[in-house]
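Read the structure below first, then the notes.
The values are calculated or read from the model by the stated rules, or taken from the named source; none is laboratory data. Predicted model only: the values in this text are computed from it and were never measured. Here the Cβ positions follow ideal geometry from the backbone for every residue, glycine too, while neighbour counts run over all protein chains shown.
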Amino acid sequence: SQELEQSPQSLIVQEGKNLTINCTSSKTLYGLYWYKQKYGEGLIFLMMLQKGGEEKSHEKITAKLDEKKQQSSLHITASQPSHAGIYLCGASDDYKLSFGAGTTVTVRA
Amino acid sequence: DTGVSQNPRHKITKRGQNVTFRCDPISEHNRLYWYRQTLGQGPEFLTYFQNEAQLEKSRLLSDRFSAERPKGSFSTLEIQRTEQGDSAMYLCASSDTGGTYGYTFGSGTRLTVV
């Protein structure tokens, strides 16, 4: 099965600063999904990447899938308190998603 | 469409009792998934359905767990003789075939076994 490693495990960022989260796979990625989760709640879909080199942006969040298709990064520009939460990457693994352990983001005012 | 709906949101039960959770997927989605998530971990796959057929069960799913999806609509996940180790968030997701347009998750059911 596909194994995903996320780094860092957690980070604290000053409001207004940028941050980057990485997701590295043990296998070639054929579909990479980023989700956000508030503590105790469900997963909110952010973005899906399918092609090597693909980059997508939504508001202040940008995600990339590298050319070799084994790593993805999520970048947040000018972080806000609303960006706080747990960010999870999920990879298509046959018919289902396999997830990393998540990165907890804390935004300090 | 109101997305994926899960009930109840929270469940506290005594060890040894049986519990049942319900998931109502997005109506156009033919695939339905159950995941379990514990604190500090990502969701772990439990089982999935394509329409009414249960096509895969994880080795994590002990004999005490059973899932159904009658008529390919809503699904139920039952845990018999609950144990404290069953305490977790149980998440349901649905997708079209192949997850072409993503996987939509519900808000989850948080189970606490005391």
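For A:Asp66, the requirement of being among the acidic types (Asp, Glu) and at negative phi is met.
Of all residues assigned to the stretch B:68-86, none qualifies as being within 14 Å of chain A (Cβ to nearest Cβ) and either of a type in the set (Lys, Arg) or out of contact with any Phe, Trp or Tyr (no Cβ under 6 Å at 6 or more places or on another chain) (or both).
Taken together, the residues in the stretch B:28-46 that are among the acidic types (Asp, Glu) and within 15 Å of the chain's Cα centre (by Cα) amount to 1.
Against the condition assigned to a strand (DSSP E or B) and not polar (S, T, N, Q), how does A:Ala91 come out, does it pass? Yes: the conditions hold for A:Ala91.
Restricting attention to the stretch A:66-103, the residues that are touching a Gly at 6+ places or on another chain (Cβ under 6 Å), more than 14 Å from chain B (Cβ to nearest Cβ) and either hydroxyl-bearing (Ser, Thr, Tyr) or crowded, with 19+ Cβ neighbours inside 10 Å (or both) total 1. Screening A:Gly40 against (1) surrounded by fewer than 20 Cβ atoms within 10 Å (Cβ to Cβ); (2) at negative phi; (3) small (Gly, Ala, Ser) leaves a single unmet condition, (2). Looking at the stretch B:1-52, which of the residues that are free of Cβ contacts under 8 Å to residues at least 12 places away in the same chain and more than 13 Å from B:Phe105 (Cα to Cα) is surrounded by the most Cβ atoms within 10 Å (Cβ to Cβ)? If we take residues in the stretch B:1-52 being free of Cβ contacts under 8 Å to residues at least 12 places away in the same chain and more than 13 Å from B:Phe105 (Cα to Cα), then B:Gly42 is surrounded by the most Cβ atoms within 10 Å (Cβ to Cβ). Restricting the stretch A:40-50 to residues that are in contact with a strand residue (DSSP E or B) (Cβ under 7 Å, 6 or more places away or on another chain) and not in a strand (DSSP E or B) leaves a set whose member that is modelled with the lowest pLDDT is A:Gly40.
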